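Please treat every number below as a calculation from the coordinates, not as lab data. Owing to the predicted nature of the structure, the values given are computational and were not obtained by experimental measurement. Reconstructed Cβ throughout: ideal geometry from the backbone, glycine too, with neighbour counts over all protein chains shown.
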Amino acid sequence: MATVPPPLARIYDALRPRMLQRLLELRSSLDPSLARLDEATARAQIGAVLEHLGNFLATGDLRLHRAFLQTFLAMRAAESQSPASVLAALVAIGDTAAQVAQEEGARRPEGVELMLLLTRVTASTARALNDLVAEELESRRRSWHDMSAHMPGLRS
Amino acid sequence: MTAPALRVAGDSHVGKVRRTNEDSLLVEPRLGLYAVLDGMGGAKAGEVASRMARDTIRDFVAARRGALPPRQLLEQAIAAGGTAVHRAAKASREHHGMGTTAVACLVTEGKRAVIGHVGDSRAYLLRGGRLQALTRDHTIVEELVARGLLAPEEVARHPHKNVLSRNLGARSETRVDLLELEIQVGDRLLLCSDGLYGYAATEAIQYLLGSGDAPDHVCRDLIELALRGGGGDNVSTVVIEAPGQAPTSTQVVRTNGAAAWWQKRQRFLAIAKERGLTRNPIVRGLDPKEALELVALSLCEAVFHDLERSTGVNVWTFTQHLAGGWFERGGDWASIRGVIDILGASARGVVDEVRAAEPQLGILLDVAVSRALVVAELALGGLLSDRLRQVDTDMIELASQRDTLQSIPEFSEVPEVTESRDTSERFVDRPTIPFLRPDRPVTGAGISAEVLDGVHKALTIARARTNPRAELIKQVLVALDAIASEGSESFGTAVLSARELYGVRAIDDAGVMPLFDALDQARILTTASVHQIQVPEGTRARVLRAISTAHQRLVGAMTGLVLEAVAPFSDRLREAQAATGKLRDQLARAERRCADLERRFATVADDDGHLWGAQGDTEP
């Protein structure tokens, strides 16, 4: 993804507190995994995602994006959240951020551009996360085959 | 008097039993006049009566508008229609006893509507998602109910429930019931003959009327609904919609965006072909043209329908079927990723072209299509997550069995074998097209007997494989059979089936989730069953297409019902959010006030609360 023009990145930074506030207010209706979190944990998690999205918008660095998602996925897995649940939460965050940007679009045209960018970022986030999960799935399937290959009595 | 800008459409159908259509429609936007009339009488007398009354009403309004207030204008116009029919009936033995019902709506420039009616043709108003009847039938039994001589619940089974107490033509002068109302933005008025409400559930009428589709589509769907319900009478509908002052971005996407997208479908296919869709393992063995149609056009249509209805259910279902079927056949992730990426790039290519021609529309379409791609990823994520969980379960089970075996001496010394059983790289030899586009969801089409037979066979196998106690799954399979057998573009059967399955469920996990679980289980069962029937590959693909489309429609209809059911809760949530905002402001003000008081108090009290300091009147 190409880097975002500085004005849009600045608008995003300016809107971030409002996005965070909106997400904290709506988290129970947005996604079950966000609803289960206490206020402080939710603020930390959502804040981290929003901050990362800002960095991604500014740099367009897919490698860092992927690294962030890998860490995020691992941390949520440690909290017993399924990959589908993590994906749903990230999409909910992206959608809400885009919605806030859309509201800003009523005041200045850059808001609409930012909404589009955030929607695209959400799409690429979902894509990258699925690729990570698919890799993990493939790795575990290999482990399963290795295990079963060493147990000929169980192969039927 | 000029009519406000309304969107209006009307349609009529002879039904499945009658040989002639005795209903007449009046759609005159120039006059702001709309009506449905249902004629009665032997031979073609009913047809004559409804047409005569219709023409008289129209001519009366055209001649006297401006000279009379709207209420009197419509009242006298309908009465004049009755007088004309009465005279004609008396003058001709052939037409003796003929008559007609009439429900008419006159819309004036102030967006006020006058509704007038005689007989049992009805007017309904859909406002805020709720349907209300504006008219009371002029039937013997309704008169008895009004006088307290008959209980309302006895109406439906009363032998004279269809006997009119009033119609146009029975008398030289007719009493017309009138009602006035202010038309609000978003309102939808429905005028209809008893051929609609007599053969379609009120809930289904409400669902279709509130679908957001254009009035001509709604008219067509309502008629289809009545035909599915038996079509025992002529059925006529007029839908009058008061659209918003300025269309929202959602409305723009639903109308212009969807149309622009659909117009570019050939471009979508061309880009998909350029990017190598036909070489993907998923479509291996298929003719390139067929591959493009079955995969690319299917997604193109799914996006189109989602844009039209502001949902994601079609793209979701497409992706689930495509990827789910591929995975079930042992397919790999890279092929799915390849197909989705190609389709995503094709979509972006189309959007870029729309943006170049119409920047404002293009950006809205861009957002909507990007969201469709997110929906596709969500569907993929769900499948991957399920498979990951399954592999974990398998590993736990394997580890458990290994521990058991190792405790048995003869197995604990089994030498290691080098044979690999890795099936992760095993691809299918035959093409798998799990989601196949409906025959012609946009233009309508039939379904061949061969495919229909295949559908029945597959669903029979699926039913046989269903746990006898899994009643809900069996019901879903029966519904899929009915919907797939329709083979047309109508959602009527899907809506009715969904309503039947939905029943009296409550909107919570316990109420709704088993239903969606059953839908998902039915999808898996049917997909597997299609691969077991003995038919040529081409037919198999079409059978899968028919069942997938039926499933897609059922899920769509079910989602509509759930959304409808949660609407009041959403409203309450919004109200609660607004109230929370106000309370938060009040709390902030109170906290500021508290802090201020604390600061002031700190200057006049010590830690123990003894007053001192500012006033300096007490020493500690």
Note, ³J(HN,Hα) from phi for segment A:64-70, Karplus 6.51, -1.76, 1.60, rounded to Hz, x at Gly and Pro
5, 4, 5, 4, 4, 5, 4
Rg over Rh [alpha-carbon atoms, Kirkwood Rh] for segment A:70-156
1.27
Step by step: find N for segment B:158-222, compute 2.2 N^0.38 Å, then divide the Cα radius of gyration by it. What's the final number?
1.44
Ordered by packing density, taken as the mean number of other Cβ atoms within 10 Å over each peptide's residues, highest first, how do B:132-142, B:184-194 rank?
B:184-194, B:132-142
Relative contact order as a percentage, chain A, C-alpha pairs under 8 Å and 6+ apart, gives 26
Eligible lysines near B:Lys161 by straight Cα distance, threshold 25 Å, same-chain separation 8 or greater
B:Lys16, B:Lys44
For peptide A:79-86, how many partner chain Cβ atoms fall within 10 Å of a residue's Cβ, on average?
4
Convert each backbone phi in segment B:359-375 into a coupling constant with the Karplus relation 6.51 cos²θ - 1.76 cosθ + 1.60 (shift: θ = phi - 60°), then list the ³J(HN,Hα) values in order as whole Hz, x for Gly and Pro.
x, 5, 5, x, 5, 5, 5, 4, 4, 5, 6, 4, 5, 4, 5, 5, 4
With T = 4 °C, eta = 1.567 mPa s and Kirkwood Rh from C-alpha pairs, the Stokes-Einstein D of segment B:1-129 in µm²/s is about 86
P(r) over all Cα-Cα pairs of segment B:101-229, 5 Å bins from 0 to the longest distance, whole percent per bin, short to long, reads 2, 10, 18, 20, 21, 16, 10, 3, 0
Add -39500 (n - 2.57) for each DSSP H run of 4 or more in chain A, then divide by its residues: what number comes out at 222 nm, to the nearest 500 deg cm²/dmol?
-29000 deg cm²/dmol
For segment B:7-241, what does the convex hull of the Cα positions come to per residue, in cubic angstrom?
119
Mean Cα-pair separation over length for segment B:7-241, i.e. relative contact order, pairs under 8 Å, 6 or more apart, %:
27
Counting other Cβ atoms within 10 Å, keep those with at most 13, restrict to DSSP loop, and tell me which trypsin sites (Lys or Arg not before Pro) in segment B:17-64 are left.
B:Arg19, B:Arg30
Relative packing of B:83-91, B:314-322, which averages over residues the other C-beta atoms within 10 Å, highest first
B:314-322, B:83-91
Peptide A:121-130, shielding by other chains (average Cβ, 10 Å cutoff)
6
Kindly provide the Kirkwood hydrodynamic radius of chain A in Å, to one decimal, from all pairs of distinct alpha carbon atoms.
16.8
Set of lysines with alpha-carbon distance to B:Lys264 below 23 Å, sequence-local pairs under 8 removed
B:Lys273, B:Lys289
Proximal lysines relative to B:Lys474, as straight alpha-carbon distance under 24 Å, when same-chain residues fewer than 8 apart are discounted:
B:Lys457
For segment B:249-408, what is the convex hull volume of its Cα atoms per residue in Å³?
103
Taking trypsin sites (Lys or Arg not before Pro) in a DSSP loop with at most 16 other Cβ atoms within 10 angstrom as exposed, one finds the longest site-free stretch of chain A at A:37-106
Whole-Hz ³J(HN,Hα) for each residue in segment B:378-394, computed from phi via Karplus 6.51 cos²θ - 1.76 cosθ + 1.60 with θ = phi - 60°, x for glycine and proline: what do you get?
4, 5, 4, x, x, 5, 4, 4, 4, 5, 4, 5, 5, 5, 4, 4, 4
Of all GluC sites (Glu not before Pro) in segment A:1-100, the ones in DSSP coil with at most 14 other Cβ atoms within 10 Å are A:Glu79
